[in-house]
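Working notes, beginning with the structure itself.
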Amino acid sequence: MSVLSGRYGDKASQRGRAWQEELKTLEQMSVAEQLTGINRFFNQRIAWQSDADIYGKDDFWATPSETMGRGRGDCEDFTIAKYVSLRQLGVPSDQLRLTYVKLKEVGGGSQAHMVLAWYETPAATPLILDNANPNILPASQRRDLRPIFSFTSDALWVAGSNQSTNATPSSRLSQWRQMLTRAQAEGIML
């Protein structure tokens, strides 16, 4: 966590140590407990803020270290940090999908949003980890979400399909590719 301290200061280093302690605590727990612990950890410790306010850009996908360093992020940053954490805990990538959705807003509009979906089996209804709704619920109970597409480090799916496409996420999603490059430089391999 010296990288966090050197780049972002002592508070960031404290957040980083808390993250590592949380991962150690959850290591031997069930997947359900890991999902709950990771979802709660990031929802409680990271403040939501737009990329424009944090980075001065319309869209920027932060690595977990960048999110922990700043202590703030948008929905993609929450989702990426949760995905990386669960992968580090040993949850298989084929059980996790970063999922782009349309989030219904009060008043009838919708906005682009990202959540993390966990599939117990490939055909199961996934559980949704979200920063907008802290409760982990089956996707069937999240009527405020309309899936658009989902992906992992290895595959890309169009909404409504259990079959992945032939497209590789890193070649189709430039923000994902850029985040992976920075994460690898930080020692995170997915």
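The values are calculated or read from the model by the stated rules, or taken from the named source; none is laboratory data. Bear in mind that the values here come from a model prediction, so they are computed numbers and not experimental data. Every residue, glycine as well, gets a Cβ built from its backbone with ideal geometry; the counts of neighbours run over all protein chains shown.
Computed quantities for the displayed model
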item	result
Residue in the stretch 99-107 that is surrounded by 14 or more Cβ atoms within 10 Å (Cβ to Cβ) and not in a strand (DSSP E or B) present	no
In the stretch 88-111, the residues that are free of Cβ contacts under 8 Å to residues at least 24 places away in the same chain and in contact with a strand residue (DSSP E or B) (Cβ under 9 Å, 6 or more places away or on another chain)	GLU105, GLN111
Residues satisfying the stated conditions in the stretch 71-98, i.e. touching an Asp or Glu at 6+ places or on another chain (Cβ under 9 Å), surrounded by fewer than 22 Cβ atoms within 10 Å (Cβ to Cβ) and among the charged types (D, E, K, R)	ARG72, ASP94
Cross-chain or 6+ apart pairs with Cβ under 9 Å, the stretch 151-162 first and at pLDDT below 70, then loosely packed, with under 13 Cβ neighbours inside 10 Å	ASN162/PRO122; ASN162/ALA123
Helices (runs of 4 or more DSSP H) contained in the stretch 1-88 and holding at least 3 residues farther than 16 Å from VAL115 by Cα and of a type in the set (D, E, K, R)	10-26
Hits in the stretch 108-122 (condition: of a type outside the set (Ser, Thr, Tyr), exposed (fewer than 13 other Cβ atoms within 10 Å of the Cβ) and either assigned to a strand (DSSP E or B) or modelled with pLDDT of 90 or more (or both))	GLN111, ALA112, GLU120
The lone exception for ILE136 - which of (1) surrounded by 18 or more Cβ atoms within 10 Å (Cβ to Cβ); (2) under 20 Å from GLN44 (Cα atoms); (3) among the β-branched types (Val, Ile, Thr) it fails	(1)
Hits in the stretch 136-161 (condition: of a type outside the set (Asp, Glu), in contact with a Leu (Cβ under 8 Å, 6 or more places away or on another chain), within 22 Å of THR36 (Cβ to Cβ) and not in a strand (DSSP E or B))	ILE136, ALA139, THR152
